[in-house]
Each structure stands twice: as C-alpha cells, then as structure tokens.
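Reviewing the structure listed below.
The values are calculated or read from the model by the stated rules, or taken from the named source; none is laboratory data. On a predicted model such as this, the values are computed, not experimentally measured, just so you know. Quick reminder, even Gly has a Cβ in these numbers, built from the backbone with ideal geometry, and neighbours come from all protein chains shown.
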Amino acid sequence: MIIFNLKTKNCMQHLLLKPTFDSFSFIEGEITTFNTFRIDGFIHKKFYEDAPQKEYSSWGDLREFCFQIIRGKRTPLNFRFILSLPKEDFQEFLTKQEISFLTPSDIQGLYLNFRYDGTDLKCVTGISLNTFTMDKTLEDVWDSFAKDFFLKQDIELK
C-alpha cells in the first residue's frame, strides 16, 4: 500500500475529462456536494436482456455521470472512488509481472482508492486476495505499477 499525494487539478482532469482510467472497474464511489451521492458499480444483470459478462461497470461507463455531479462553480465537499484493474486483466498482469504463485481466481481486486477531502486529493493503492499468503510480491508489484502508471500518464504527484 502506497499513498500518493496528487496535484488536484491535474488528476481531476485525468479522472473526469480524459479516458485515462476508463478501462478500470468502478467498484464504488461517493460524492458530496449539496447532497451525498453514493454509487455502487456492481452490475445488476436482471436489468438487462443481454447482460454484460463483467461484474462491475467500468469507470468509462460512469465518468460522465460523476462529472455532472461534481461540475459547477463550487468544488465538492469530498469524494471517494474505488477503482480496480478489471478481473479479465488479472492474468495478463500476473504474466507481465512474472508472478506464477497466484492465479487470477486468487485475486479479489487490485485497487486505486481516490479520496478528496475538500482540499487534498490522495490515491491509496491496495490489493485483496481470496487466499492467504505471507508473500507481499503482488502488493509490491501493484504499488510499483500504480506509480509507473501515474508517471506515464503525466499525473502529477506532490
């Protein structure tokens, strides 16, 4: 787990105006402006005639909706968004990172937790496993991946 202190304006452009995080799964979020809006990213398959196979909506599916809540003359009081690498990308991630002791089914999530408190924007990395291991390799690799991702996308750190 790493805590990234992010330059708010720069990161908000990437979160809300650019497709930087669109492929990530949207797990849940909360935005507080004149009301508090809670969004669960879990897809309710009964709603669809031909339901998507994925478990969660992508950030790209909800980005504009969140932007409409946040936009205006005043900044939100706070917000939090939990994004995850999509489950369908776990195998490729494990392969590229040369992690062979875990399978995609061992992983619950590889998370980016964005939190804005009205002043500062932070992103906390995290992992959740469906199995127990003392090995911290996946956590270390995910932290490194997140840092590299921010740098490659020109997301400015404080």
Sort out for me the helices (runs of 4 or more DSSP H) sitting completely within the range 48-158 that have 2 or more residues that are among the basic types (Lys, Arg) and out of contact with any Cys (no Cβ under 8 Å at 6 or more places or on another chain).
137-152
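Residue-by-condition table, conditions (1) of a type in the set (A, V, I, L, M, F, W, C); (2) closer than 27 Å to LEU138 by Cα:
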position: LYS9; (1), (2): no, no
position: LEU16; (1), (2): yes, no
position: THR33; (1), (2): no, no
position: ASP40; (1), (2): no, yes
position: LYS54; (1), (2): no, yes
position: ARG74; (1), (2): no, no
Which one is modelled with the lowest pLDDT, of the residues in the range 84-118 that are hydroxyl-bearing (Ser, Thr, Tyr) and touching a helix residue (DSSP H, G or I) at 6+ places or on another chain (Cβ under 8 Å)?
SER100
Taking the range 131-148 as the search range and keeping residues that are aromatic (Phe, Trp, Tyr) and modelled with pLDDT of 95 or more, which one is surrounded by the most Cβ atoms within 10 Å (Cβ to Cβ)?
TRP142
ALA51 meets each of (1) of a type in the set (Gly, Ala, Ser); (2) touching a Lys or Arg at 6+ places or on another chain (Cβ under 9 Å); (3) touching a residue at least 24 places away in the same chain (Cβ under 8 Å); (4) loosely packed, with under 15 Cβ neighbours inside 10 Å with one exception, condition (3)
Only one of (1) over 12 Å from the mean Cα position of the chain (by Cα); (2) surrounded by 13 or more Cβ atoms within 10 Å (Cβ to Cβ); (3) not acidic (Asp, Glu) fails for ARG38. Which number is that?
(2)
Just to be sure I understand, how many residues within the range 62-79 are modelled with pLDDT of 95 or more and over 14 Å from LEU16 (Cβ atoms)?
2
